[in-house]
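The values are calculated or read from the model by the stated rules, or taken from the named source; none is laboratory data. Source: prediction; values computed, not measured. Every residue, glycine as well, gets a Cβ built from its backbone with ideal geometry; the counts of neighbours run over all protein chains shown. Each accessible area value is taken on the protein alone, full model and side chains, heavy atoms only, with ligands, DNA and RNA left out. Shrake-Rupley method; radii C 1.70, N 1.55, O 1.52, S 1.80 Å.
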Amino acid sequence: MVREEKSETLHATSVAIGGRAVLLCGPSGTGKSDLALRLIDRGAILVSDDYTVVKWVDGRLEATAPQTITGKMEVRGLGVVDMPCVDYARVALIIDLTDDIDRMPADPQERLIAGAGVPVVRLAALEPSAPIKVELALKTVGLA
């Protein structure tokens with residue numbers, strides 16, 4: 001079966017951790033960029049801030065920045081700053097940012113992005129432990 005080449009632009013900030021993209025999704029003001037900054041401080045690399053293009057490339061789902069915002073990040077209180085970035089990373093995990101978190105969530109969920117299922121974990125972005133939880137989720141759920 002040949003997969004149809006698809007792409008989708010998401011309202012998501014994305015970072016690469018160990019070469020795998022984590023998409024931080026949520027409405028404006030939920031802490032996408034704040035969490036991304038804390039992950040970058042722990043060794044992640046920016047893929048894209050605020051909007052991420054997800055597309056099939058050579059049989060895998062990849063995240064990249066729209067050309068107009070490559071290497072740029074909006075930091076609340078500072079404005080738009082230049083940031084080191086990677087051109088693309090293979091998509092492994094979606095983090096849905098919300099304050100409504102289940103203490104013991106049910107089975108992992110998936111979201112269909114550009115024709116592929118991607119694991120989804122719900123987290124509160126502004127909790128002090130959020131960056132560690134993202135890394136743990138990537139190890140346990142985002143095995144793609």
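How do 55-63, 71-79, 21-29 rank on mean C-beta neighbours within 10 Å, highest first?
Sorting 55-63, 71-79, 21-29 by mean packing, highest first, produces 21-29, 55-63, 71-79.
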* Would you mind putting 37-47, 80-90 in packing order, based on average other-beta-carbon counts within 10 Å, highest first? => 37-47, 80-90
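With an 8 Å cut-off on Cα pairs and a minimum separation of 6 or more residues, tell me the relative contact order of the range 1-139 in percent. All intermediate terms of the calculation are to be shown ahead of the outcome.
Working: 297 pairs, mean separation 35.7, N = 139.
Relative contact order here is 26 percent.
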* Structure fact -> Taking a probe of 1.4 Å and leaving out DNA, RNA and ligands, the chain shows per residue an accessible area in Å² of 57 Å²
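Within the accessible area of the range 1-86, what % is carbon and sulfur when the probe is 1.4 Å and the other protein chains stay in place? Walk me through the numbers before you get to the answer.
Details: 2380 of 4680 Å².
That share works out to 51 percent.
A 24 angstrom limit on the alpha carbon distance is what I want to check against. Which of Lys32/Lys139; Lys6/Lys133; Lys6/Lys139; Lys55/Lys133 exceed it? Spell out each step's value before the answer.
Working: Lys32/Lys139 20 Å; Lys6/Lys133 30 Å; Lys6/Lys139 27 Å; Lys55/Lys133 26 Å.
Flagged as over cut-off: Lys6/Lys133; Lys6/Lys139; Lys55/Lys133.
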* Could you run the Karplus curve 6.51 cos²θ - 1.76 cosθ + 1.60 with θ = phi - 60° over the range 112-125 and give me ³J(HN,Hα) per residue in whole Hz, x for Gly and Pro? => 7, 10, 6, x, 10, x, 10, x, 10, 10, 9, 9, 8, 4
